[in-house]
1. Give the shape of the chain as rounded, prolate or oblate, defined through the alpha-carbon gyration tensor: a ≥ b ≥ c are the square roots of its eigenvalues, a/c under 1.5 means rounded, and otherwise the shape is prolate if a/b is larger than b/c and oblate if not.
2. Can you bin region 52-119 into rounded, prolate or oblate? Criterion: square roots of the alpha carbon gyration tensor eigenvalues sorted a ≥ b ≥ c, rounded for a/c under 1.5, prolate for a/b above b/c, oblate for the rest.
3. For residue 55 and residue 103 in the same chain, what is the full-extension length gain: residue separation times 0.36 nm, less their Cα-Cα distance, in nm?
4. Take the chain, connect every pair of alpha-carbon atoms lying under 10 Å apart with a spring to form a Gaussian network, then pick out the residue of 66, 95, 50 with the largest mean-square fluctuation.
5. Expressed as an acute angle from 0 to 90° and rounded to the nearest 10, what is the orientation of the C-alpha long axis of helix 40-50 relative to the principal long axis of the chain?
6. Past the 23 Å Cα-Cα mark, which pairs from 80/115; 55/103; 74/115?
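We did not get these values from a lab; they are worked out from the coordinates using the rules stated. Model, not experiment: these values are computed from the prediction.
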Amino acid sequence: MEEVFKDNQWQDDLNFDDSAMVYKGKDGLVIITACSHSGICNIIEYSKSLFPNTKIHSIIGGFHLLKVDDKLRKTIDYLKEQDIDIIYPAHCTCLQAKIQMAKYMNIQEVGVNLKLEFK
């Protein structure tokens, strides 16, 4: 269990996991993640179990990929197999991870005033 600094003292971080949401639109699934503490690959697999045989159109959110390492390489290999149209890695996805991911898939920038519409 990790600790967080709160109220001027260290406390146990009881957030064992985080949340994600999946939307089924006409182009396929759109997965919206928080920080992906449970792993972006696990979130995708769970989404696929809810909507079998449905293409993943897009993923947006934090991927919790903080450095270039074996975890990133395995995640990229997994994402390549999924044939996802557009990926929007956001907070807690370091620049180096985004650069590596962009070599193999359609990565789009996330920033202030980004407006996405899924039907």
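1. Note, shape of the chain comes out prolate.
2. It is oblate, given that a/c is not under 1.5 and a/b is not larger than b/c.
3. Additional length available on full extension: 15.1 nm.
4. Result: 50 has the largest fluctuation of those listed.
5. Tilt of helix 40-50: around 50 degrees.
6. Exceeds cut-off: 80/115; 74/115.
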